[in-house]
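Taken together, the values in this text are just the output of simple stated rules run on the coordinates, not laboratory data. Quantities reported herein were computed from a predicted structural model and do not represent experimental measurements. Cβ placement follows ideal geometry from the backbone for every residue including glycine, while neighbour counts extend to all protein chains displayed.
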Amino acid sequence: MNYLITGGAGFIGSSLATYLAHEGHSVTVVDDLSMGKKENIESKNIQFIKADVRDSSKLKSILKNQQFDYIFLFAAIASVADSIERPIETHNINFESILQILELVRQTQDKLKRVLFASSAAVYGNEPTLPKKEESVIRPLTPYAVDKFAAEKYTLLYANLYNVPTSAVRFFNVYGLRQNPASVYSGVLSIISKQFIKILNNEKAGFNIYGDGEQTRDFVFINDVINALLLVAESNESKGEVYNVGAGKYTPLNEIVKAFEEVAGVKLPINYMQARDGDIKDSYADITKLSRLGYVPKYTIYEGIKEYFAGLLSHY
Ligand code: NAD
């Protein structure tokens, strides 16, 4: 099969690209390397094109010259904090480029099986009802969340209005190797893991927790996410539909630290700080809809952290 992945040098995109290439598929990655890394995608089955997804003439030439079976739209300013700093750039990348690509796909792709757009649990905002179902109240509170929701809606419109086979997923907190721990906007698990690496290297380490550490998130391991992406992309009933992608469980931050301590065999000094205004206390996904496609998350938080940390140790 022939795959196109935008943002394919980033965390989730490169994990998927590497998996697909390993399975013998052809993968084209488009990424401007603003956050992603070229070394994430070194495989003979991956063609890398360094390009900005806002460059419509470049995207047009890629889509005119190749017929793809599957297209994954992951390129984005993936940090909420960054979107607050740069709302217009976020809108151009996270929304306008998606609409542009959908339109190009409509014009050029004849044998396409699916376009899949990466949305986010951020669209639910701070409405407190849990767990989050796909039809729960949507309350986007940041430029990132507004653009994700709008792009997700357009993606699904293209199925309903123009018969372009599309789906969308709302990722909860994905973790795993290749998440860039150097980024200040990186997910909390990659920031915590970096501190454990420091301790093992006899460097000074510590971690600030805002609040009592009992705030929860739905952390889902990258291998389960890849499985979910393929199930959604390959299913017939998922056309024109959006799916939560999580583990369907909530884990307090304190428990994450404990799991790392157990796996690494060392203690992490924690500073408990005053809770930040506006932080969402709890979040987790109802994954009933995704389960109907055959999804069963295989990794407990402990197993995921164990595999993640082992990968990090061999990497450093
Ligand atoms: P990431 O930052 O690792 O990957 C995004 C990639 O997009 C990077 O490689 C970056 O270089 C590329 N990119 C950014 N702007 C670009 C542009 N203008 N042109 C071309 N490439 C560009 O993020 P990720 O964690 O892999 O996330 C993948 C997708 O999933 C994103 O759309 C993100 O918003 C969404 N998402 C991720 C999570 C998570 O937990 N990681 C949660 C919710 C949603």
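Per the Debye calculation on the chain with a single equal scatterer at every Cα and no solvent contribution, log₁₀ I(q)/I(0) for q = 0.12, 0.14 Å⁻¹ amounts to -0.80, -1.10. Computing FRET efficiency as 1/(1 + (r/R0)^6) for GLU103 and ILE49, where r is the C-beta to C-beta distance and R0 is 25 Å, gives about 0.80. Here the label points at LYS58 and LYS38, each 7 Å from Cα along the C-beta direction, are separated by 1.3 nm in the simple model. With neighbour counts taken as other beta-carbon atoms within 10 Å, the residues MET1, MET35 rank, fewest first, as MET1, MET35. When only alpha carbons of segment 1-158 are considered, Rg and Dmax amount to 15.7, 47 Å. GNM remark for the chain: springs join alpha carbons under 10 Å apart, and the peak mean-square fluctuation among VAL164, VAL263, VAL220 falls on VAL263. Sorting LEU312, LEU290, LEU130 by the number of Cβ atoms found within 10 Å of their own Cβ, with the fewest placed first, yields LEU130, LEU312, LEU290.
Computed from Cα positions, the angle between helix 56-65 and the longest principal axis of the chain comes to roughly 60 degrees.
On the principal axes of its alpha-carbon atoms, segment 203-299 has extents of 51, 33, 18 Å, going from largest to smallest. Computed from label points 7 Å out along Cα-Cβ, the spacing between GLU214 and LYS194 is 2.9 nm. Shown is the FRET efficiency for TYR272 and LYS153, computed with R0 = 45 Å from the Cβ-Cβ distance and rounded to the nearest 0.05: 0.70.
The Rg/Rh ratio for segment 22-63, using Cα coordinates for both the radius of gyration and the Kirkwood hydrodynamic radius, is 0.99.
Label-to-label distance for MET1 and LYS133 is 3.0 nm, based on points extended 7 Å past Cα in the beta-carbon direction. Diffusion coefficient (Stokes-Einstein, Kirkwood radius over C-alpha pairs, 20 °C, 1.002 mPa s) for segment 67-117: 179 µm²/s, rounded to a whole number.
Among THR288, THR28, the order by Cβ neighbours within 10 angstrom, fewest to most, reads THR288, THR28. The Cα center of segment 104-168 and the Cα center of segment 281-299 differ in position by 17 Å.
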